[in-house]
Amino acid sequence: MRLAAAYFRPFLFSATFLPMLGFLKKLFGDKQGRQLNDIWPIVDEINEHYKGLERLTDDELKAKTTDFRARLASAVEEVEADQKEIRDRLRGVTAEGEEAETISVDERQKLLEELDELDDEWLERSDATLDEILPEAFAVVKETCRRMVGKEWEAGGTLIKWDMIPYDVQLLGGVAMHQGKIAEMKTGEGKTLVGVAPMYLNALAGRGVHVVTVNPYLAQRDAEWMAPIFGFHGLTVDVIDTRAEASLGGATYHVVHPGGRA
């Protein structure tokens, strides 16, 4: 690659080199295209899991959420034990709840630094486990959407009849969102549904998921619209309206799993 860069450098700013740039783009692909190519196999894996979920009872499908949470808890169990030990020492209590010896300022600072490192490790382990769970979790959301077809409830002051099952492109957008990428979609392509699977997945960690919009009405409507999908698996949904705060405006709706925190 170094040889190629050195060879082409004299021509990079030449108009005559533009056709060559087009050729190279076709040969190697652009960044967005390569990222999409990395995600499509995950979508295929989601659909493979989805095929086996139709035969499950509702209770068996709901049990998938319990299984996912157990896998996450197991992945971070050691880290959380270390975090608890440090927090107890900072509070001046022993593991048995008895009063501990007073620690110095330097010792307290060292413990706080260790706690920061453990928080980073918790996130790394949690993220890695979520990535492993993702194909199964997205498939569970897709199957949940299928089972909701034909059911009615109110959202944004209007009675709606659920008729949506995520298309592959919507699953792709959801994977991109989970990976921290920007997924741009046109009006009418189902952005609201795209967010459901990554929200469900990340809410499993018990720390809550916030969806931010500058439109308070849409936050309320979408929270009510998607709530039965989350509620099927025991997740709760609420809306935070910040219109009273003149400096910001807008709203969020967040999803929290029982036992978790927003």
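The values are calculated or read from the model by the stated rules, or taken from the named source; none is laboratory data. Quick caveat: nothing in here was measured; it's all calculated off a predicted structure. Neighbour counts are summed over all protein chains in view; Cβ atoms, including those assigned to glycine, are modelled from backbone coordinates with ideal geometry. Heads up: the accessible areas ignore ligands, DNA and RNA and are worked out on the full protein's heavy atoms, side chains in. Shrake-Rupley method; radii C 1.70, N 1.55, O 1.52, S 1.80 Å.
Take the residues in segment 87-115 that are of a type in the set (V, I, T), modelled with pLDDT of 75 or more and not in a helix (DSSP H, G or I), then tell me which one is surrounded by the fewest Cβ atoms within 10 Å (Cβ to Cβ).
The residue in question is T102.
Mind checking which residues of segment 214-223 are of a type in the set (S, T, N, Q) and exposed (fewer than 15 other Cβ atoms within 10 Å of the Cβ)? Don't jump to the end; show me each part of the working.
So the first thing to find is which residues in segment 214-223 are of a type in the set (S, T, N, Q), and the list is 215, 220.
Hit for segment 214-223 is N215, nothing else.
What is the residue count in segment 175-207 for residues that are within 24 Å of A155 (Cα to Cα), in contact with a Lys or Arg (Cβ under 6 Å, 6 or more places away or on another chain) and open to solvent by less than 20 Å² (accessible area, probe 1.4 Å)?
Qualifying residue count, segment 175-207: 0.
Residues in segment 193-206: is at least one without any contact (Cβ under 8 Å) to a residue 24 or more places away in the chain and farther than 14 Å from L235 by Cβ?
no
Give the residue that is most open to solvent (accessible area, probe 1.4 Å), with candidates limited to residues of segment 124-174 that are among the basic types (K, R) and in contact (Cβ under 8 Å) with a residue 40 or more places away in the chain.
Among residues in segment 124-174 that are among the basic types (K, R) and in contact (Cβ under 8 Å) with a residue 40 or more places away in the chain, the one most open to solvent (accessible area, probe 1.4 Å) is K151.
Looking for something at pLDDT 75 or above, assigned to a helix (DSSP H, G or I) and surrounded by 14 or more Cβ atoms within 10 Å (Cβ to Cβ) - is there at least one such residue anywhere in segment 48-57?
yes
Select, from M226, M199, the only residue that is touching a helix residue (DSSP H, G or I) at 6+ places or on another chain (Cβ under 8 Å), outside any loop (DSSP other than H, G, I, E, B) and closer than 24 Å to R125 by Cβ.
Result of the check over M226, M199: M199.
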